[in-house]
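To start, the structure under review is shown below, and the notes come after it.
The values are calculated or read from the model by the stated rules, or taken from the named source; none is laboratory data. What you see is a predicted model; the values in this text were computed from it and never measured. Here the Cβ is made from the backbone with ideal geometry for all residues, glycine too, and neighbour counts use every protein chain on show. Quick note on the areas: whole protein, heavy atoms, side chains included, nothing else; ligands and nucleic acids left out. Shrake-Rupley method; radii C 1.70, N 1.55, O 1.52, S 1.80 Å.
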Amino acid sequence: MPSQAVTISQRGVERVLSGHLWIYRADVLEPGEADAGAIVRLQDHRRHFWGQALYSSKSQIALRLLTREERPFDRAFLAERIAEAATFRQQVVEGAEAYRLVSGEGDLLPSLIIDRYGPCLVIQTLSQGMERLKAAIVEILQEAFSPHSILERNDVAVRELEGLPEQKGTLAGENISEVEVEENGLRLFFDLMGGQKTGGFLDQRENRQAARQYARGRALDCFSYAGGFALNLAQRCDSVLGIDTSPEALSLARRNQQLNSLNNLEWKEANCFDFLKAADQAKQRYDTIVLDPPAFARQKSNLEAAWRGYKELNLRALKILNPGGFLVTCSCSHHVSEADLLEIIANAALDAHRTVTVVERRTQSRDHPILLTVPETHYLKCLILRAL
Ligand code: SAH
């Protein structure tokens, strides 16, 4: 058992009982002698034991629950959690070479991300506690998976809330930045050191496959990044146009196109809001449209602007969708629920004078588990719609 104890309030105890893994600073009665990033014993004012957690001296999320058990959360315990996560992946990734091996709270390893890209692993340690465990995590990964390289992509703004520096680099093995990996039968390059997130948007893997089923005719992939959806659509469509504001992303998309010897794709560097508006004015029409924007509502305070953003995008897309066409529309803002997104799109459809049916209601790929009692882990929504 950890020697350091943190005393939590009755509301903190209720958080634990509700199955959430986060306890906010306001629910800490007495941090005791707890160091930044220590594994601490959670107790109430009567010293009753409630679990073990990672303590942060800085973040509003003061405690992240690791276990309700008394058994010490040592290296062996950590290795077991990682092994459990890996075993589950074998059941759900269906031969994919790039997937999320450990998905933070969803794998009961709060604030730890481990992504696998073929022979390489990329990790993010997003709290003081996980940062302290980083060396142990690297050792465990080397023993369990013998990866070619282990990289860190800790160049993310949330680390600031923990008082941690932004950093990226190689933690073990060879210095590698680019890998070539198979996904949904396509060969794809991932830029692990320079790309967005840990190199790619692994959470959309199953949705890219699903979108392919309905794709046809003239297709548009808005917010394309390195062409993830576009390349899948191109397997079935006459032509696909991928749009993104990032020239680096589009140059990777072009290379992915060449790698797969596809000649029915084009790319355009543009703001999707402007592009969709201009496309409507120019009377351009499409049979398949994908909208996969970045999170518009990272905080609750942005919610109103986010609603407007989603409404405008979906409205513009519906206006240029041919009758019988498919719209694959996503939101990765946890604060916008599936019910919210359906309501936004219903309003957009009314404004666009379109009748829309819901073909599929989807979420993040299964290698990003949703923990039922931690709503924040259900962040991605992907609706496949058909406009009559
Ligand atoms: N669909 C991609 C992931 C998209 S992530 C996949 O499956 O891999 C969101 C992308 O939107 C990023 O590549 C970012 O560069 C781009 N982006 C952000 N704002 C944009 C805008 N206003 N117009 C076009 N692209 C934008």
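Looking only at segment 251-275, which residues are within 12 Å of A226 (Cα to Cα), small (G, A, S) and more than 10 Å from the ligand (Cβ to nearest atom)?
S251
Just wondering, is there one or more residues in segment 156-169 that are acidic (D, E) and either in contact with a Phe, Trp or Tyr (Cβ under 6 Å, 6 or more places away or on another chain) or within 16 Å of the ligand (Cβ to nearest atom) (or both)?
First, the residues of segment 156-169 that are acidic (D, E): 160, 162, 166.
This time we only want the ones that are either in contact with a Phe, Trp or Tyr (Cβ under 6 Å, 6 or more places away or on another chain) or within 16 Å of the ligand (Cβ to nearest atom) (or both), so: none.
There is no residue in segment 156-169 that is acidic (D, E) and either in contact with a Phe, Trp or Tyr (Cβ under 6 Å, 6 or more places away or on another chain) or within 16 Å of the ligand (Cβ to nearest atom) (or both).
Suppose we filter D292, D287, D280 for residues that are within 26 Å of K197 (Cα to Cα) and at pLDDT 95 or above; which single one remains? Walk me through how you get there before you give the answer.
Working: D287 fails: within 26 Å of K197 (Cα to Cα); D280 fails: within 26 Å of K197 (Cα to Cα).
Exactly one residue qualifies, and that residue is D292.
Can you name the number of the only condition in (1) over 21 Å from V356 (Cα atoms); (2) among the acidic types (D, E); (3) touching a strand residue (DSSP E or B) at 6+ places or on another chain (Cβ under 6 Å); (4) within 10 Å of the ligand (Cβ to nearest atom) that E248 fails?
Only one criterion is unmet by E248, namely (3).
Is segment 302-312 home to any residue that is within 16 Å of the ligand (Cβ to nearest atom), of a type in the set (S, T, N, Q) and open to solvent by 10 Å² or more (accessible area, probe 1.4 Å)? Talk me through it step by step, then tell me what you get.
Filtering segment 302-312 for residues within 16 Å of the ligand (Cβ to nearest atom) gives 302, 305-306, 308-312.
Checking the rest, the ones that are also of a type in the set (S, T, N, Q) come to 302.
Those still in the list that are open to solvent by 10 Å² or more (accessible area, probe 1.4 Å) too: 302.
Looking for residues that are within 16 Å of the ligand (Cβ to nearest atom), of a type in the set (S, T, N, Q) and open to solvent by 10 Å² or more (accessible area, probe 1.4 Å), one finds at least one in segment 302-312, hence yes.
Of the residues D238, D203, D191, which single one is surrounded by 21 or more Cβ atoms within 10 Å (Cβ to Cβ) and not polar (S, T, N, Q)? Even if it seems obvious, please write down each step before you answer.
Values: D238 fails: surrounded by 21 or more Cβ atoms within 10 Å (Cβ to Cβ); D191 fails: surrounded by 21 or more Cβ atoms within 10 Å (Cβ to Cβ).
After applying the criteria, what remains is D203.
For segment 216-234, enumerate the residues that are outside any strand (DSSP E or B) and within 14 Å of the ligand (Cβ to nearest atom).
Going residue by residue through segment 216-234, those that are outside any strand (DSSP E or B) are 216-217, 223-234.
Result: F223, S224, Y225, A226, G227, G228, F229, A230, L231, N232, L233, A234.
Of the residues F273, F296, only one is among the aromatic types (F, W, Y) and within 28 Å of E183 (Cα to Cα); which? If you could, list the steps in order and put the result at the bottom.
Working: F273 fails: within 28 Å of E183 (Cα to Cα).
Only one candidate passes the filter, namely F296.
Does V358 satisfy being surrounded by fewer than 16 Cβ atoms within 10 Å (Cβ to Cβ) and under 16 Å from A211 (Cβ atoms)?
Details: surrounded by fewer than 16 Cβ atoms within 10 Å (Cβ to Cβ): yes; under 16 Å from A211 (Cβ atoms): yes.
So V358 fits the description; yes.
Which of the residues spanning segment 32-89 are among the basic types (K, R) and surrounded by fewer than 18 Cβ atoms within 10 Å (Cβ to Cβ)? Can you show your working first?
Looking only at segment 32-89, we keep the residues that are among the basic types (K, R), and these are 41, 46-47, 58, 64, 68, 71, 75, 81, 89.
Result: R46, R47, K58, R68, R71, R75.
Contact list please: Cβ distance under 7 Å, first residue in segment 86-107 and in contact (Cβ under 8 Å) with a residue 24 or more places away in the chain and at negative phi, second residue of a type outside the set (F, W, Y) and open to solvent by 70 Å² or more (accessible area, probe 1.4 Å), pairs at least six apart or on different chains.
What qualifies is V92/R366; E97/E182; A98/R116; Y99/R116; L101/R116; G106/I370.
With the structure loaded, tell me whether L385 is more than 20 Å from the chain's Cα centre (by Cα), assigned to a strand (DSSP E or B) and within 21 Å of P294 (Cβ to Cβ) or whether it fails that test.
It is true that L385 is more than 20 Å from the chain's Cα centre (by Cα), assigned to a strand (DSSP E or B) and within 21 Å of P294 (Cβ to Cβ).
Does L54 satisfy the condition of being more than 24 Å from H368 (Cα to Cα) and not aromatic (F, W, Y)?
Details: more than 24 Å from H368 (Cα to Cα): no; not aromatic (F, W, Y): yes.
So L54 fails the test.
Between E131, E174, which is touching a strand residue (DSSP E or B) at 6+ places or on another chain (Cβ under 8 Å), more than 16 Å from N256 (Cβ to Cβ) and open to solvent by 50 Å² or more (accessible area, probe 1.4 Å)?
Details: E131 fails: open to solvent by 50 Å² or more (accessible area, probe 1.4 Å).
Residue meeting the stated conditions: E174.
Output the qualifying pairs, or none if there are none: Cβ atoms under 9 angstrom, residues six or more apart or on different chains, first residue in segment 30-58 and in contact (Cβ under 8 Å) with a residue 24 or more places away in the chain and within 22 Å of L164 (Cβ to Cβ), second residue among the basic types (K, R) and open to solvent by less than 40 Å² (accessible area, probe 1.4 Å).
Listed by first residue and then by second, the contacts come to A53/R64; L54/R64; Y55/R64; S56/R64.
Out of segment 148-177, which residues are closer than 13 Å to R116 by Cα and part of a strand (DSSP E or B)?
Selection gives S149, I150, L151, E152, R153.
For segment 276-287, enumerate the residues that are within 14 Å of the ligand (Cβ to nearest atom) and open to solvent by less than 30 Å² (accessible area, probe 1.4 Å).
Taking segment 276-287 first, the residues within 14 Å of the ligand (Cβ to nearest atom) are 276-279.
Those that are within 14 Å of the ligand (Cβ to nearest atom) and open to solvent by less than 30 Å² (accessible area, probe 1.4 Å): L276, A279.
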